[in-house]
Every structure is written in C-alpha cells, then in structure tokens.
Amino acid sequence: MGMIVKGILAIFWLAAVPAFAGVPFLGKKRTGNIAEMILTGYLALFSVMEILTLPMTWLKMPLHVLTVSCGIVFSAFAVWGIICLKKQKPLYRLKERKIHWNFYLCLAVLVIILQVVMCTFLAHMDADDCFYVGAATTDVYTDTIFEVNPYTGREYIMLPRRYVLSPFPVFLAVVSQLSGGLHPAIMAHVFFPLVFLPAAYMVQYCIAGKWFRGDRKARGIYLFLAALLCSFSGYSVYNAGNFQMVRIWQGKALLAGVFLPYLFYLCISLLMEKKQTCSWLLLVMANISCCLLSSMGILLAPLMTGCFLAVCFVWRREWKRVLKGLMCCLPSILLGLLYIGIG
C-alpha cells in the first residue's frame, strides 16, 4: 500500500474518527465547537483503548485481535456521531460552533502552523523513543501486547510495572496497523505531531473561552501568547512547553500538554460554574484517558480532580457535585491500587 494512502488513513483515524466520535458525548444541546468535538472524541477513544487493552494484555492475546476490536469500536462511535449530527441538526447552533476569527487569532494560528511544520519535518529524536516507539514496533512485528522487551528482544519475565497500566505505545501500534501497516516510527514522528500539537492549542482555546467570555479579542491574544511561550520553552527539558514541542508523540507529553489541561477545563465546567455545561461522563473518560497516557496520569488526574472537589465543597457546599466527582475518580483510584499491588 502506497505511503500516500497510508497517510490518508492515518489522518482519517487520528482526525476524522475522533471528531465524529465526540459528538454523542457533548451533551443534550450538542453545541460544542470543532475543538470540543475532537477532544471529546479522543476521550472516548482513549477510554475504550484502556478498557480493551488491559484485559487483553493479561490474557496474552495477539495485537491483531486488539486492533480489530478497536477498529470496530472506533468506527461504531464515529457512525454514531454522524447519526447524531443528522438527527440533532436542528438543535445545533451553528454560530456557536464556528470559530470567530480576528487578527490575534490569525497570528496564533500562524505560529501554531509553524510549530507543526517544525515538529513534523524537523522531528526531534528523543532517547525515550527507544522504549515508546520501540515497544510499539516490537508489538507490531511480533503480534503481541507487552510480551517482548523492546530493549532485548526477549520475552518479559514479568509485565513492565511502569507501562502495563498505561499502554499508550499499544495505541501507537494499533493506529499504525489500522493505517495500512504504517511504520510506528513514521506515525509517531510525523502524524502524531500533525494532530496532537494543534489539539494542545484547542484545549487552550477552550480554556480561553472560560476565562474571557464574550471577549473574542482577548481569546486570540491569549492563544497567541500561549503559542509564543511554547515556541521559546527550550530553556529547560522539564517544562510542559518543551515536552509539547519536542516529544508530543509520547504519552507523558500528551498528558502534560493536552489532557491534564483539558481535565482542568472539564473540572471548571462541572465543579466551578453554577450551571454545568458538560456531562459527568466526560470527567470519567478524562480520568481514564490520563491513565492510558502515563503512570503519572494515574496519580495526577484524581489529584487535580480532588483539588477542584475540595474547592467546590468549600465554595458551593454542594454534596451532590462532590460525590459525583468522587465517583468519576474511581477508575483512576482502582488502577492506582492495582499499580501498587503489582509492585
């Protein structure tokens, strides 16, 4: 299969499918913009990935079974989203879903495009790729899930504790296979930055909508400054901006640059505002998605949610919200206990 066809399939699975898959989870009014559609779609896909991968890993099932299962579920979500779009079209407020352009927003988009071009064509080869990309490549060529050590080529004596509960390299392997057998290294270094770097700024745009309600110019300035700060974040290898620019294809970078900020946005929407603007299911999926990306997400996601729950209890005195928020953290808490148990 030609590289062009594989590239088209990669964009289909990484952009089109999440965009449609997110529609059913936006809420009854379904007034989310394209950024919320894509981000919500990834919450759904990553949650499914985590739920399917963990039992298949322990059962030592082949990778192609997981690939087929994920392909079916991902496609079903996308079709469901298309059906929702058709059925709910009268309820969609097209004006609310449009991005209102202004001078500063155009500058921000220009900077973001330059960053995407740099990350795609001048890819930084990080030392951690020896495991992350290596694990995905090993799984593809052995048709296994965390059974072969990418460093030695030998079978694991025991499952790798740090990664088995956060199988983001397996997601890389699965999407590579769904994209006509595209090599995982090409998928990681070319197509992941092409999709996930803009996703990071989609989150910032959503947050700006919370902080600068009704002020479109302020949103554009905020996004422009966020893009500039990220562009000049190379003063340290430990900040979120550097992770976002030079290793966005790794789970921990996605956690820091995209999904923890989006969890922050969801906590504001559900716990800080008087009127809730999204579904509690999104908070559950956000916690599960953070667990998929990195073992740090197993701890940081419920910790961030817990901080918002404490503020919500002190500020609003609403027991129901606090209890619902605690329930949303249960998957992360259970995985945390399992992480301690397998240690």
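One residue is enough: does the stretch 262-275 have a residue meeting the conditions at pLDDT below 90, surrounded by 22 or more Cβ atoms within 10 Å (Cβ to Cβ) and aliphatic (A, V, I, L, M)? Yes, the stretch 262-275 has at least one match.
Yes or no: the stretch 197-211 includes at least one residue that is surrounded by fewer than 17 Cβ atoms within 10 Å (Cβ to Cβ) and either of a type outside the set (Ser, Thr, Tyr) or at pLDDT 85 or above (or both). Within the stretch 197-211, one or more residues are surrounded by fewer than 17 Cβ atoms within 10 Å (Cβ to Cβ) and either of a type outside the set (Ser, Thr, Tyr) or at pLDDT 85 or above (or both). Among the residues making up the stretch 209-258, a single one is touching a Phe, Trp or Tyr at 6+ places or on another chain (Cβ under 8 Å), outside any helix (DSSP H, G or I) and free of Cβ contacts under 8 Å to residues at least 60 places away in the same chain: Phe212.
Those residues that are part of a helix (DSSP H, G or I), farther than 15 Å from Cys291 by Cα and not aliphatic (A, V, I, L, M), I need them from the stretch 31-54; list them, please. Can you show your working first?
Looking only at the stretch 31-54, we keep the residues that are part of a helix (DSSP H, G or I), and these are 34-54.
Those still in the list that are farther than 15 Å from Cys291 by Cα too: 34-41.
Residues satisfying the conditions are Glu36, Thr40, Gly41.
Contact annotation: residue pairs with Cβ atoms under 8 Å, 6 or more positions apart or on different chains, pairing a residue in the stretch 83-107 that is closer than 17 Å to Ile34 by Cβ and modelled with pLDDT of 55 or more with a partner that is open to solvent by 80 Å² or more (accessible area, probe 1.4 Å) and in a helix (DSSP H, G or I), are His100/Arg216; Leu105/Arg216. Residues of the stretch 141-190 being among the β-branched types (Val, Ile, Thr) and surrounded by 15 or more Cβ atoms within 10 Å (Cβ to Cβ), which ones? Correct list: Thr142, Thr144, Ile145, Val148, Val164, Val170, Val174, Val175, Ile186, Val190.
Ala127 falls short of the stated requirement of being open to solvent by less than 20 Å² (accessible area, probe 1.4 Å) and either part of a helix (DSSP H, G or I) or out of contact with any Pro (no Cβ under 6 Å at 6 or more places or on another chain) (or both). Screening Phe46 against (1) touching a Leu at 6+ places or on another chain (Cβ under 7 Å); (2) among the hydrophobic types (A, V, I, L, M, F, W, C); (3) modelled with pLDDT under 95 leaves a single unmet condition, (3).
The values are calculated or read from the model by the stated rules, or taken from the named source; none is laboratory data. All of these numbers come straight from a predicted model, not from anything done at the bench. With ideal geometry, Cβ positions are generated from the backbone for all residues, glycine too; neighbour counts draw on all protein chains shown. We work out accessible area using only protein heavy atoms, side chains counted, and drop any ligands, DNA or RNA first. Shrake-Rupley method; radii C 1.70, N 1.55, O 1.52, S 1.80 Å.
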